[in-house]
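Novice: Would you mind keeping the following structure in view while I ask a few things?
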Amino acid sequence: MKEANPPHKEGCGCSEESTTEKTVSAPDRSAVTGTLELGKKFVRPIETPTVIPRTRIVKQPEPLSEVVLREPGTIPVSVVVPTREATPELLLELRKSVLDLPPPLVKEGSGAIDVQLENREGQQVKNGTVTLDGPQGKLAVPLDPATRRFRLSDIPPGEYSIEAASAGSGRAFTRLNVRAGDVTRTSVPLDGSTVRGTT
């Protein structure tokens with residue numbers, strides 16, 4: 001009768017480990033979904049499948065995060081990297097590649113504004129309403145479809161109050177000064193309150 005597991009000869013080229021099936025546990029992902037070093041303003045975890053490798057050759061998929069850099073007056077920059085690489089040093093490298101947005105048209109004797117709405121985590125809010133109230137009365141600021149920012153040109157110089165609102169992100173009130181021949185850029189943080197009748 002043959003042995004169930006015959007002994008291996010030295011130098012035969014096989015491994016005793018190959019006859020034994022091993023079970024590999026999936027890694028603990030709690031650290032990935034927790035608070036990241038850069039915070040929600042810059043980093044968004046990306047769900048990657050949790051798979052138990054069947055062999056030692058296949059490795060567990062590495063957790064990924066999306067790092068997004070949005071600053072007033074610039075084109076947003078977004079990259080997907082392993083979560084362990086989402087560091088302040090990466091953010092500094094991304095800032096080197098940031099490009100300015102084409103400025104709104106500024107006519108002689110008037111100014112322009114470029115407003116970005118943000119939620120309580122500092123992330124851009126891409127819909128809502130923005131209204132200016134100043135020397136010429138109230139002005140509705142249109143949403144730019146490409147940048148999802150609120151931009152308006154040909155505004156008389158002066159001190160204005162801003163009312164901003166977005167459903168699900170809240171509202172805000174602030175003031176800004178429009179200068180002749182210049183573009184006033186600002187970010188407006190919303191308060192997170194419930195707003196009805198606003199997109």
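Just so it is clear, none of the values below were taken in a lab; they were calculated from the coordinates. This one's a predicted model, so the numbers in the text were calculated from it and none came from an experiment. No Cβ is skipped: glycine too gets one built from the backbone with ideal geometry, and neighbour counts run over all protein chains shown.
Novice: Assuming 0.36 nm per residue, please report the length gained on full extension of the stretch E66 to N127 beyond their Cα-Cα distance.
Specialist: Full extension from E66 to N127 adds 19.8 nm.
Novice: Given R₀ = 25 Å, FRET efficiency for Q136-T74 by Cβ-Cβ distance, to 0.05?
Specialist: Rounded to the nearest 0.05, the efficiency is 0.30.
Novice: Using only the alpha carbons of the range 130-194, what is the convex hull's orientation-averaged projected area in square nanometres?
Specialist: Over all viewing directions, the range 130-194 projects a mean Cα-hull area of 4.5 nm².
Novice: Using alpha-carbon pairs under 8 Å, 6+ residues apart, how would you state the relative contact order of the range 61-183 in percent?
Specialist: 24
Novice: Output the antiparallel fraction of DSSP beta bridges having both residues in the range 68-184, as a percent to the nearest 5.
Specialist: Approximately 95 percent, going by the DSSP bridge assignments.
Novice: Per residue of the range 105-112, what does 6.51 cos²θ - 1.76 cosθ + 1.60 with θ = phi - 60° give for ³J(HN,Hα)? Whole Hz please, x for Gly and Pro, Karplus curve as stated.
Specialist: 5, 10, 8, 4, x, 9, x, 8
Novice: What are the GluC sites (Glu not before Pro) within the range 75-123 that DSSP puts in a loop, where the Cβ has at most 10 other Cβ atoms within 10 Å?
Specialist: E108
Novice: May I ask you to list the trypsin sites (Lys or Arg not before Pro) in the range 70-162 that are in a DSSP loop and have at most 14 other Cβ atoms within 10 Å of their Cβ?
Specialist: The qualifying sites are K96, K107, R120, K126.
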